[in-house]
Structure formats: structure tokens, C-alpha cells
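Accompanying notes for the structure given below.
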Amino acid sequence: MGKISIHDTSNIFHTQTGRIYQGRMTFHKHSPNDHVVVIFHGTIAVSQPVSVYWQFGANYKGDKNENHVYNCIVHAMEITENGYKVQLREEDKWYRFTAEMSEKSMTLTMSNKDGYSGQAGKLELSWPLS
């Protein structure tokens, strides 16, 4: 399909109310099936803010972790056959998220700057409800 220009607003999810997706995913063996919430604050477009809330079970050493909030922006978007592929970047640039999105769900993958990538998780649209 193709990349979306920062100035092209014809192919984005237009919403003034934002979107919330939630579900479960696994980043590593010590943290299986973690709860994840992704909040788009308004229109989903390049440079727009996104919050990713992750209930991490444990770190890579197996030590219990607290909940994490990743303040991201939409770094890049491209049109796919089923919707959009959206790249999210965290402010300190350690973690990266890739979301394959449709109107009702997303497949979210998390990776770190060292190249480690966890298993993709399925998140469902939980707000707004149709």
C-alpha cells in the first residue's frame, strides 16, 4: 500500500474522542500474558500523542515489576489491506511499538532498541463502542 504524509489527513481514523484498545501480550518469558491498554488521544495521525499502559508481570531477570506508562507519539503510518500499520515511539526511544490496526482491533508488537521483540498481542477496541 503506501506511507501517509504528515500533511495527508484523508486516510486517517477521524475521531475527536480518541480510541482505547486493550488486550494481552507477552514481551518475554517472565512476563507472559500481560494486560496492555493503548490510548489514542484524538485523531490517529503522525505526531499525535499515544499512551501505552502495560501491567508488566516481571522484568527479564524475573524480578516483579510495577505498572508502566509509555508516553509515545505516532512516528509513522502506512495504509495496509486491512487498515493501517502505525509505528509508535516512546519519548526516551528505548521501546518501539508497531500496531497493525483495523477499525475494531489491533495487533501490537513491542520491541526494544537492541532489537528484541516480544510476541504480538491482540487488542480489541474498548472505547468508543459502536
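The values are calculated or read from the model by the stated rules, or taken from the named source; none is laboratory data. Fair warning: this is a prediction, and the values are worked out from it, not measured in the lab. Virtual Cβ from ideal backbone geometry, glycine too; neighbours counted across all protein chains shown. The area values use the complete protein model at the heavy-atom level, side chains included, leaving out ligands, DNA and RNA. Shrake-Rupley method; radii C 1.70, N 1.55, O 1.52, S 1.80 Å.
The table below lists the values:
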| quantity | calculated |
| --- | --- |
| Segment 50-67, subset modelled with pLDDT of 75 or more and open to solvent by 60 Å² or more (accessible area, probe 1.4 Å), residue nearest to Leu125 (Cα to Cα) | Tyr53 |
| Positions within segment 1-30 being modelled with pLDDT of 55 or more and in a strand (DSSP E or B), in sequence order | Arg19, Ile20, Tyr21, Gln22, Gly23, Arg24, Met25 |
| Residues being β-branched (Val, Ile, Thr) and either within 11 Å of Val38 (Cβ to Cβ) or open to solvent by 40 Å² or more (accessible area, probe 1.4 Å) (or both) - total across segment 76-108 | 3 |
| Search result, residues across segment 31-40 that are assigned to a loop (DSSP other than H, G, I, E, B) and open to solvent by 10 Å² or more (accessible area, probe 1.4 Å) | Pro32, Asn33 |
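Results for (1) touching a helix residue (DSSP H, G or I) at 6+ places or on another chain (Cβ under 7 Å); (2) without any contact (Cβ under 8 Å) to a residue 60 or more places away in the chain; (3) not hydrophobic (A, V, I, L, M, F, W, C), shown as yes or no for each residue.
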residue: Gly23; (1), (2), (3): no, no, yes
residue: His30; (1), (2), (3): no, yes, yes
residue: Asn33; (1), (2), (3): no, yes, yes
residue: Ser47; (1), (2), (3): no, yes, yes
residue: Val52; (1), (2), (3): no, yes, no
residue: Asn59; (1), (2), (3): no, yes, yes
residue: Asp63; (1), (2), (3): no, yes, yes
